[in-house]
Every structure is written in C-alpha cells, then in structure tokens.
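Data block below; observations after.
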Amino acid sequence: MKKGFTMIELIFVIVILGILAAVAIPRLAATRDDAEVSKAATNIQTAISDISAYYTSQGAFGTIAQMTNVPSPIKVKKQACLTWGNTDNDKGEITVTVVKGTGLCKQVWAMPGLTQVATYIASTDGGKTENTIKVGGMGVNFEGADTTTNSNSNSGSSSNN
C-alpha cells in the first residue's frame, strides 16, 4: 500500500486555503487603510501644532519645511487631504485647503478630532478668513533676543492689601 495523500484530500486543503485567503486578504487591506488614515490624522494635528508653535515663538511664518517636519501636502495613498497655501503674518493666518473627497480623505476628516478642525478651517469665527488657520502669539522672536533684565522690575517685593 502506498503512503500519501489522495486527490480528494489535496483538493480539500486547497479549498480551505482559498477560503482563508478570501477572508484574510481584504481584512489585511482594510487594516493598512486604517493605518494610513490614522497616520494622516496624526500628521494634520502635528503640523497644525508645529506651525502654531513656530509662529508663536518667531512672530512670523516661515516655509512649511521650516515650521514642521510633516510632509506637505498631507496625503493618504497619494491622495492629498490637506494642502498649505499662502501665509499672512499680519493676521497670523495660513491658508489651508481641506480635501474631503470620497476616498480615504473622507475617512480622515470624519474622525472625531478632525471634524472640528475642518469646521474651524471653513469658518470665519474669531474674525479669521475662511479656509485659514489663525494662530496667535506675542510675536516674540527669540533669535537675537535681548537677554538683559529690566532694572525697574519689582522682583522680590510684593504688596498684600
């Protein structure tokens, strides 16, 4: 008697592997898409934070590359979800284009934290221009800042009434 597998046994193994592949491959692709969406959402929030911090410390906008290490435009699978435009140092505004579209960018902007960001960008709240992000600060420029202290300060003395 020969030892080995019958043709029926081999066919069953192939069918089972095919079913497993049919279930696993779409889930793997969906997991990759979810990771891309999360990465884009994190990049958007990081870029806005970096740009705000840069403007606050420098008192003016620089180039996007100077203000943040986040790639510009912010993309999901080659689809741009957010692009940066012109800056206005006087108003503290930077023009932003939000692309919601139908693909993965739609999922990015549907995330709970980013729906508010997209609404803010599109609004004119606080006297800002539509499709901009307004950042604030005192305009303190720390490069070449005068580090001498003011002799008229009231350090060490306090008055309680």
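Observations
- Taking the criterion of being of a type in the set (S, T, N, Q), outside any helix (DSSP H, G or I), modelled with pLDDT of 90 or more and surrounded by 13 or more Cβ atoms within 10 Å (Cβ to Cβ), the only residue of region 45-78 that qualifies is Thr68.
- Looking only at residues of region 87-125 that are assigned to a helix (DSSP H, G or I) and free of Cβ contacts under 8 Å to residues at least 12 places away in the same chain, we find that the one that is farthest from the chain's Cα centre (by Cα) is Asp125.
- Taking the numbered list (1) more than 23 Å from Ala122 (Cβ to Cβ); (2) not in a helix (DSSP H, G or I) in turn, Ile14 passes all entries but (2).
- Filtered residues of region 22-59 (kept if β-branched (Val, Ile, Thr), within 21 Å of the chain's Cα centre (by Cα) and farther than 25 Å from Pro112 by Cβ): Thr56
One line per residue, one yes/no per condition, for (1) at pLDDT below 85; (2) among the acidic types (Asp, Glu); (3) surrounded by fewer than 18 Cβ atoms within 10 Å (Cβ to Cβ):
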{"position": "Val98", "(1), (2), (3)": "no, no, no"}
{"position": "Thr115", "(1), (2), (3)": "no, no, yes"}
{"position": "Ile121", "(1), (2), (3)": "no, no, no"}
{"position": "Thr124", "(1), (2), (3)": "no, no, yes"}
{"position": "Thr132", "(1), (2), (3)": "no, no, no"}
{"position": "Thr149", "(1), (2), (3)": "yes, no, yes"}
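The values are calculated or read from the model by the stated rules, or taken from the named source; none is laboratory data. A quick note: this is a predicted structure, and the numbers were derived from the prediction, not measured. With ideal geometry, Cβ positions are generated from the backbone for all residues, glycine too; neighbour counts draw on all protein chains shown.
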